[in-house]
Each structure stands twice: as structure tokens, then as C-alpha cells.
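Every number here is computed from the coordinates shown, using simple stated rules; none is lab data. Given the structure is predicted, the values throughout are model-derived calculations rather than measurements. Cβ sites come from the backbone with ideal geometry, for glycine too, and all protein chains shown count toward neighbours.
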Amino acid sequence: MAKEKISAQALIEIETRLGAHNYKPLDVVLVRGEGVWVWDIDGNRYLDCLAAYSAVNQGHCHPKIRAALVEQASRLSLTSRAFRNEQLPLFYEEICALTNSHKVLPMNSGAEAVETAIKAVRKWGYEVKGVPEDQAEVIVCENGFHGRTIAIVGFSTDPAARQGFGPFAPGFPIVAFGDADALEAAITPNTVAFLVEPIQGEAGVIIPPEGYLKRIREVCSRHNIMLVLDEIQTGLGRTGKLFAEEHEGIEADLTLVGKALSGGYYPISAVLSNTEVLGVLKPGEHGSTFGGNPLACAVARAAMRVLIEEGMIENAGKQGAYFLEELGKLRTNQVRDVRGSGLMIALELDEAVGGARRYSEALMKLGLLCKETHKDTLRFAPPLVITREQVDWALETIDKVLRAG
Ligand SMILES: *Cc1c(COP(=O)(O)O)cnc(C)c1O
């Protein structure tokens with residue numbers, strides 16, 4: 001007799017019973033993905049409008065990234081940085097050429113890239129800028145999101161992220177996002193860096209006023225502090241440019257990438273910078289067992305290559321502009337705001353509708369996966385390979401759900 005297939009309900013029950021409840025996922029059990037599509041265990045197909053929080057910009061299971069993974073996995077997976085491997089230098093060369101960087105430090109998760117950058121700018125502050133020991137300050141923004149480590153949640157302003165996790169590290173003054181004057185007012189002789197997302201993703205796709213990036217670039221340069229842009233979500237094509245900083249023609253001193261750096265195949269992140277800052281780190285002062293491993297590097301090389309070769313960044317700009325414009329036309333009295341950049345799009349519902357969760361559940365029933373962020377906002381961020389027809393289908397589906405109320 002054929003073995004009976006385990007049901008979605010049974011799997012959800014196991015997960016709920018055995019797993020920590022630090023997430024509240026939609027009740028859809030996915031088993032397969034291809035491009036913009038994912039399938040659940042019962043064979044239903046969905047348009048993925050979350051793309052694993054922008055880690056799957058290149059689309060699910062991109063065949064060229066998969067081939068690179070399989071090829072490298074069958075030869076060598078991990079050496080540790082105690083030895084050298086052939087993939088790491090080639091990864092360095094290709095990511096530097098792509099991003100105009102001079103130095104790279106590879107890690108695994110986004111949060112680790114953030115931690116690495118904080119360590120590097122603090123050390124730069126002490127050794128190069130001359131800040132007195134243990135006095136370095138890194139200014140951060142209200143409602144920012146940079147990950148989940150103790151240092152990072154310590155400077156979060158989201159009560160859910162920090163409540164109950166203290167004590168926290170000092171040295172992270174918080175200023176309003178989008179306000180360059182507030183940044184300048186918070187700078188002291190001990191300030192070493194300003195850490196900010198060019199567009200706040202987890203806060204609900206909050207786009208700063210035009211000119212903000214240019215102004216913070218100018219303020220940071222004038223006060224000799226490092227501008228650290230967290231492009232872990234906005235980077236690698238999401239907003240229709242390789243990096244969101246390009247929308248205002250600026251260059252950060254340190255740029256953080258993660259998520260789509262592997263096209264969703266593998267955790268890999270990196271700090272991109274110049275010799276002055278990353279040069280302060282000497283052997284033994286920082287590291288990671290898995291950071292820079294050959295499998296991650298081979299996957300990242302392929303993930304960067306397809307992003308460029310297949311025109312995904314241009315497509316994000318084109319389809320994103322269309323998606324946003326058409327979404328704006330669906331306004332009903334339930335919709336409070338529609339905003340976005342490239343394929344990073346948010347629809348904020350009126351408070352009176354009582355939260356976005358039931359909208360993401362209704363969209364799921366119609367075959368579109370997205371996730372509410374905070375209480376009232378739906379975020380649409382599909383893989384960058386989405387076509388015009390697929391955007392039209394998403395719009396029709398969103399329209400249906402809004403009409404149903
Ligand atoms: C996702 C994200 C991070 C954290 O990345 P992890 O891989 O989850 O640690 C940091 N910053 C931004 C802007 C993010 O979107």
C-alpha cells in the first residue's frame with residue numbers, strides 16, 4: 001500500500017507543538033518553487049509577493065544558481081578561513097567589480113553583517129579618528145530594522161523586538177528617520193558612524209523625503225563619520241537600481257548586503273567598504289566559521305551574475321513603476337496610502353479596517369502570498385523576474401480582496 005501523504009494540517013500541528021512560537025506564519029505549507037511561483041503540499045499554486053523578504057530577488061530555484069550550488073556542493077563545501085579556498089577570491093573580485101568596493105568582509109546572516117560593520121566603525125573610530133576608548137557612538141534611526149542580535153535589538157525602537165531582552169549595549173543614540181537636521185544635532189566628537197536603511201523595509205516601506213540621502217552623505221562627510229547603509233533588503237536590484245543609494249547618486253562608506261546575495265539558496269552576507277575602515281581589522285579580531293565558505297561564494301557569484309545578465313534590475317524598475325501606479329488606482333476608502341520604490345511596494349490600510357492580517361489571508365485564498373508588516377500595511381515585493389501579465393494578475397487579485405472589504 002502506498003504510504004499516505006502527511007497532511008498540511010498535521011504538519012502545522014507538529015510545528016506548533018514543537019517549535020518556538022517566534023513567528024506567526026500564514027497556514028500555507030510550501031513544497032516547491034519556480035520563478036515567481038510557489039506550490040503548497042496540496043498542489044495549489046501561489047504568486048509569491050514576499051520573495052522571502054527580498055532574499056529571492058532572482059526567483060525561486062533559479063536554474064543557474066542551483067547548478068552552481070550543486071556543482072560546488074559536490075566538490076568542497078567548507079574549509080573555514082584557517083585555509084584558503086578558490087571561490088573566495090573570485091567572489092571578492094566579482095562583488096568588488098559589481099559594486100565599486102575596495103574591500104569585502106563576508107559573513108552569513110544580515111545581522112552578522114550589521115554587527116561586523118559596527119565593530120569595524122568602532123575600531124576605526126578609536127584607531128583612526130582618535131575617539132577615547134569605549135566612547136564610540138553609532139547613531140541609528142527610529143523604527144529601523146537591522147536584525148535580531150542583542151546589540152541590534154538594543155537600539156531598536158520596536159517594543160516587540162526589545163522588550164524583555166535587556167540589558168543592552170550603550171553607544172547607539174537614536175534619531176528620527178528622514179530628518180538630516182536631527183542627525184546633525186546628535187553628532188558629538190565621539191560619533192563614528194550613522195547606520196541607516198535607505199528605505200525602511202520592516203517599518204512598512206518608509207521612503208525618506210527626497211534629498212535625504214544626499215544630505216546625510218554631506219553631513220557625515222563634513223563631520224568625518226562613516227555612513228553605513230543597510231541595503232540588506234533594498235540592495236541587489238529590489239528598488240530598480242543595484243543599490244537604493246543610486247536614486248540620489250551617493251556612495252556610502254560601508255554598504256551591507258545579504259538576503260538576495262545568494263538568490264535565496266544559502267545564507268551569505270557581506271560588508272562592502274574601503275581599505276581605511278575594513279583595514280583596521282587584523283587577524284584574530286573578527287571572524288566566522290562559515291563566513292566566506294566556498295559553497296556560499298560559488299552561489300553568490302552565480303546569484304550576482306544572473307541578476308545582471310538577465311536584466312532583473314531594469315525589470316524591477318519597470319514592473320515596479322507599473323505596479324505602483326496601478327495599485328494607486330485601486331484606492332478605496334480602506335486604503336490610506338500606497339507607496340514604493342521599484343518592486344518594494346506597500347499598501348497601507350485605514351486603521352478602521354482592523355488590521356492587514358485578514359487581507360493577507362484573503363489574498364492567500366486567491367493564490368497570492370504576501371505578509372502584513374506591522375498592523376496595517378501589506379507589502380508587495382515579488383521576485384524581480386515578475387512579468388507585466390503577472391503584475392496584472394496580482395492587481396486584479398488585490399482589487400478583488402479590497403472590493404470584498
Ligand atoms: C532582513 C534584514 C536584516 C537582517 O538580516 P538577517 O539575515 O535576518 O539577519 C538587516 N537589515 C535589514 C534592512 C533587513 O531587511
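Take the Cα of His223, step 7 Å toward its Cβ, do the same at His102, and the gap between the two points is 2.4 nm. Taking every DSSP helix (H) stretch of at least 4 residues in the chain, weighting each as -39,500 (n - 2.57) and dividing the sum by the residue count yields a mean residue ellipticity at 222 nm of -10500 deg cm²/dmol.
Treating only the Cβ atoms of Lys and Arg (+1) and Asp and Glu (-1) as charged, compute the dipole magnitude of the stretch 63-309 about its Cα centre; round to the nearest 20 debye.
Working: 22 positive and 29 negative charges, 176 e Å.
Here the size comes out at about 840 debye.
When all alpha-carbon pairs of the chain are counted, what percent fall beyond 38 Å? Summing the P(r) of the chain above 38 Å gives 20 percent of all pairs. For the chain, the residue among Val257, Met107, His374 whose Cα projects farthest onto the positive side of the dipole built from Cβ charges is Met107.
I need the trypsin sites (Lys or Arg not before Pro) found in the stretch 76-160, filtered to DSSP loop residues with at most 15 other beta carbons within 10 Å of theirs. Intermediate values should be presented prior to the final figure.
Working: sites: Arg81, Arg84, Lys103, Lys119, Arg122, Lys123, Lys129, Arg148; in loops: Arg81, Arg84, Arg148.
Qualifying residues, ordered by number: Arg84, Arg148.
For the stretch 63-309, averaging the sequence separation of C-alpha pairs within contact (under 8 Å, six or more residues apart) and dividing by the residue count gives a relative contact order of 32 percent. Between Ala182 and Ser77, the distance separating the two model label sites (each 7 Å from Cα on the Cα→Cβ line) works out to 4.6 nm. What is the calculated FRET efficiency for Glu276 to Arg84, with r their C-beta to C-beta distance and R₀ = 22 Å, to the nearest 0.05? The computed FRET efficiency comes out at 0.35. Cβ crowding within 10 Å ranks Asp179, Asp376 as Asp179, Asp376, fewest other Cβ atoms first.
For the stretch 220-332, a crude dipole built from +1 on the beta carbon of Lys and Arg and -1 on the beta carbon of Asp and Glu, taken about the Cα centre, is about 280 debye to the nearest 20. With contacts taken as Cα pairs under 8 Å at a separation of at least 6 residues, the stretch 328-367 carries a relative contact order of 28 percent. Under 15 Å of direct C-alpha separation, and excluding same-chain neighbours fewer than eight residues apart, Lys64 reaches these aspartates and glutamates: Glu34, Glu309, Glu310. Among residues other than Gly292 with Cβ under 11 Å from its Cβ, the summed charge is +2 (Lys and Arg +1, Asp and Glu -1). Using a 10 angstrom cutoff on alpha carbons, build the Gaussian network for the chain and name the most mobile of Pro25, Pro189, Pro198. Evaluated over the chain, the most mobile residue of the options is Pro25.
Among Arg222, Arg32, Arg162, the ranking by other beta carbons within 10 Å of each residue's beta carbon, starting with the fewest, stands as Arg222, Arg32, Arg162.
Between the Cα long axis of helix 212-222 and the first principal axis of the chain there is an angle of about 10°, rounded to the nearest 10. Residue separation of Glu13 and Ile308 scaled by 0.36 nm, minus their Cα-Cα distance, works out to 102.0 nm of gained length. Summary of the geometry: the stretch 186-208 and the stretch 37-111, compared by the centres of their Cα atoms, lie 27 Å apart. Fully extending the segment from Glu133 to Trp39, taken as 0.36 nm per residue of separation minus the present Cα-Cα distance, adds 28.5 nm. Listing Phe290, Phe83, Phe194 from fewest to most neighbouring C-beta atoms within 10 Å gives Phe83, Phe290, Phe194.
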